[in-house]
Structures are given as structure tokens and as C-alpha cells.
Amino acid sequence: MMSIKSLNKWANAHTYYPLDLLRIVLGVFFFLKGIQFVAQTHMLTELIGPLKGYGGVMLLVHYIAPAHLVGGLL
């Protein structure tokens, strides 16, 4: 069984900083986009306007903003 120290050594040896930076930038972008969707719900409803013929559009409106907020934090 692997110990925490050996897993830590493996993680430190396989760190790739440009990829970490990309993940941080995307996280900040998604979080800010989630805040924008919460503040301007009319913009979000316009974006998903072509889906009005399908069921669950209101469910999408209430799912997209929290998904961006939580996804950005993660």
C-alpha cells in the first residue's frame, strides 16, 4: 500500500505549472461568468432562447449559474 509521503513525492515530481495556471485562469473565468449569469438573468435567458420549445428551460436557467460558480471554485 502506498503511503502519503510516497504519493506526495509522486505529485511533486509530476507538477506541470503551465497546466495549473490554465486551470486557475479557467476557474476564475467560470466563477466570474457565474456571477454575471446571476446578476443578468435576462442575458442567460436570451442565450438559451432557442431551446424554448423543449421542456426544462427554467431548470436550465437555475442550473447554469450555480454550475459555473461551483465549477469555478473547484
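Only the coordinates and a few stated rules stand behind these numbers; no lab work does. For clarity, every value in this text was computed on a predicted model and none was experimentally measured. Every residue, glycine among them, receives a Cβ derived from its backbone with ideal geometry; neighbour counts consider all protein chains shown.
For the chain, the set of chymotrypsin sites (Phe, Trp or Tyr not before Pro) satisfying both a DSSP loop assignment and a count of at most 13 other C-beta atoms within 10 Å is given as Tyr16, Tyr54.
Which whole number in µm²/s is D for the chain by Stokes-Einstein, with the Kirkwood Rh taken over Cα pairs at 10 °C and 1.306 mPa s? Translational D for this selection: 107 µm²/s. Each pair of Cα atoms in the range 34-74 enters the Kirkwood radius, and Stokes-Einstein at 25 °C and 0.890 mPa s then converts it into a translational diffusion coefficient of 234 µm²/s. Between 0 and 90 degrees, the angle of helix 57-73 with respect to the longest Cα principal axis of the chain falls at about 30 degrees. Once both axes come from the Cα atoms, what is the angle between helix 17-39 and the longest principal axis of the chain, in degrees from 0 to 90, rounded to 10? Tilt of helix 17-39: around 20 degrees. Each label was represented as a point 7 Å from its Cα along the Cα-to-Cβ direction; for Thr45 and Leu74 these points are 2.9 nm apart.
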